[in-house]
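The values are calculated or read from the model by the stated rules, or taken from the named source; none is laboratory data. Quick caveat: nothing in here was measured; it's all calculated off a predicted structure. Note that each Cβ is placed from the backbone with ideal geometry, even for glycine, and that neighbours are counted across all protein chains shown. All accessible areas refer to the heavy atoms of the entire protein, side chains included, with ligands and DNA or RNA removed. Shrake-Rupley method; radii C 1.70, N 1.55, O 1.52, S 1.80 Å.
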Amino acid sequence: MDADLATRDVVLVTLDSCRYDTARGAHLPALSALGPLQRAESPGTFTLPAHAAMFTGFLPRPVEGHFEIGGQRLGSIWRSAAARARPLDGGIAFRAPSLMDHYADQSYRVLGAGGVTFFDPTNPCNSLPTRFSEFRYFGRDAASPADAATRVVDREASLTLAHVDELAQACLQARRFFCFINCPCTHIPYTSPAAVLTEETTTLLERLYHLHDAKTPHPEHRPPLEATETATLRDMQRCSLEWADARLGRLFDHLAHRRPLVVVCSDHGEEFGEDGRYGHGHPHPTVTTVPLWCGLLDR
Ligand SMILES: [Zn+2]
């Protein structure tokens, strides 16, 4: 293992709800330059458990059994003392209750940014943002009504990756940093500057939110969205992922001279009616299979 892996600055990014096959079909120059796209399996089916696991070092696990990082194969990137040893282990061993505690103990600046409502620090029930000494939240108010008017919206300022210059600046002010960024652009409603609403997609998204909220299979497993409608919505996720790639490329340009370790993955995917259900929070392969890239920036 790269002897200095444990002392590198760290960037950990989650592309919320992004499906593995969306990543396979997208043009992603910044992420491709970081490392190969790996198919991984998430231990969580929705934001809270997936991030709780990641923050304890349990990343989505590549199905090949190892992480491809800087030309090497590792069984894990971080290895909590609470975990059983695995073949090819060699990741960064730590004994603290979370990655954030571990890096804070090493005098890193630990900062996070989020955009989905599980990261809204004004909601006293949200534990995820409290794990950071500094947290920036750009998403909608978690207490706002969950209706079409607040959810089916065009987005830019509420997307974390619209703020990469500010986030990079905060990182670069520190002697060492651990920076976590949760990206909501690939989460329903899949809008970003590269995927703006039309009359057609507004209606489709309103229907999709109802299907997400139902949480139950459609009778007789007949998806209530037509294949062409699903394709339109999935194309929005791809466009917003490509926008995320461009913004991450800008972030990497800012930070590359610090040679950080970078991990980018989804927290979970999304079912689009393949077996009758929509959304996430249930253990369907379209939900548990996620894209993952990792690498070392060395420009
Ligand atoms: Zn999520």
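Heavy-atom accessible area for PHE138, with the other protein chains in place and a 1.4 Å probe, reaches approximately 40 Å².
The listed residues ASP298, ASP89, ASP9, once ranked by accessible area (1.4 Å probe) with the largest placed first, stand as ASP298, ASP89, ASP9.
Can you give the Rg to Rh ratio of the range 5-296, both from alpha-carbon atoms, with Rh computed by the Kirkwood formula?
Taking Rh as the inverse mean 1/r over Cα pairs, Rg/Rh reads 0.95.
Long hydrophobic helices in the chain: the complete DSSP H runs spanning 18 Å or more by Cα along their own axis with mean Kyte-Doolittle hydropathy of at least -0.5 are 227-255.
The figure for LEU296 is an accessible area of roughly 40 square angstrom, using a 1.4 Å probe on the protein chains alone. Local charge for HIS102 was computed over the other residues whose Cβ lies under 15 Å away, with Lys and Arg +1 and Asp and Glu -1, and equals +3.
Give the Debye-formula value of log10 I(q)/I(0) at each listed q (0.18, 0.25, 0.28, 0.29 Å⁻¹), with one equal scatterer per alpha carbon of the range 235-299, two decimals each. At q = 0.18, 0.25, 0.28, 0.29 Å⁻¹ the computed log10 ratios are -0.77, -1.06, -1.18, -1.21. The spacing between the range 133-174 and the range 199-266, judged by their C-alpha centroids, is 16 Å. Taking every DSSP beta bridge that has both residues in the range 5-296, what percent is antiparallel when rounded to the nearest 5? Looking only at bridges with both residues in the range 5-296, the antiparallel portion is about 45 percent. Within the range 8-110, the trypsin sites (Lys or Arg not before Pro) that combine a DSSP coil assignment with at most 14 other C-beta atoms in a 10 angstrom radius are ARG84, ARG95. The listed peptides 62-69, 277-284, 124-131, ordered by packing as a protection proxy, come out as 277-284, 62-69, 124-131 (highest mean of other Cβ atoms within 10 Å first). For ALA256, neighbours were defined as the other residues whose beta-carbon sits under 14 Å from its Cβ, and their charges (Lys and Arg +1, Asp and Glu -1) total +2.
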